Amino acid sequence: MKAINVNKITSAGGVFIFWIADWFALLNNKMDGDMEKIRTVGRYFVEVWKAAGMDLSNVQFLWASDEINKRAEEYWSLVIDISRKNNITRIKKCSMIMGRGEGDVMPTSNILYPCMQCADIFFLEADVCQLGLDQRKVNMLAREYCDAIKRKEKPVILSHHMLSGLK
């Protein structure tokens, strides 16, 4: 479904950015926190999208760590501002984006994660965010942040169901 939706968006003239979330995988301790393994998996997923028939003519694949490092001051200032305008209880409500529940014991990095993911929307200047339903709470955090900073243009959120894992 993702390949079909991306092809519809790009054929209508939209540009689709895949944010390869390597730092987020690191924060969530994926691949035991081994950045080289995380990068390998990211490259694999790019090949999966190609094999699924995605038309890449208006698609960009961007590594989060590379893009953040290019404009670090801008990015981290945004993350800090988002964290200052929210409390821990509100941020923990976004914990399902990491496969966790609100009441789970989690490392401090998991508090940073939703603030960063919210910042990504503004950092990338995304008009439309097409993500899974598990991302809905952080997308709503972004819309709430617009209210906090009195920004009239809020990102449009397109949520879709997640596919069940293969057994």
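Values for this structure:
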{"item": "Yes/no for Met1 being touching a residue at least 60 places away in the same chain (Cβ under 8 Å) and either of a type in the set (Gly, Ala, Ser) or farther than 21 Å from Gln117 by Cβ (or both)", "result": "yes"}
{"item": "Search result, residues across region 10-40 that are under 18 Å from the mean Cα position of the chain (by Cα) and more than 22 Å from Ile111 (Cβ to Cβ)", "result": "Val15, Phe16, Ile17, Phe18, Ile20, Arg39"}
{"item": "Region 48-87, subset of a type in the set (Asp, Glu) and at pLDDT 95 or above, residue surrounded by the fewest Cβ atoms within 10 Å (Cβ to Cβ)", "result": "Glu73"}
{"item": "Condition met for Arg84 (under 19 Å from Arg143 (Cα atoms) and without any contact (Cβ under 8 Å) to a residue 12 or more places away in the chain)", "result": "yes"}
{"item": "Region 58-96, residues that are outside any helix (DSSP H, G or I) and of a type outside the set (S, T, N, Q)", "result": "Val59, Phe61, Leu62, Trp63, Arg71, Lys85, Lys93, Cys94"}
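Per-residue answers, yes or no, for (1) in a strand (DSSP E or B); (2) of a type in the set (Asp, Glu); (3) assigned by TED's automatic domain parsing to the domain that holds Trp63; (4) exposed (fewer than 15 other Cβ atoms within 10 Å of the Cβ):
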| residue | (1), (2), (3), (4) |
| --- | --- |
| Asp120 | no, yes, no, no |
| Gln130 | yes, no, no, no |
| Arg136 | no, no, no, no |
| Ala142 | no, no, no, no |
| Tyr145 | no, no, no, no |
| Arg151 | no, no, no, yes |
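The values are calculated or read from the model by the stated rules, or taken from the named source; none is laboratory data. Because the structure is predicted, anything quoted here is derived from the model rather than measured. FYI the Cβ positions are ideal-geometry reconstructions off the backbone, even for glycines, and counts take in every protein chain you see.
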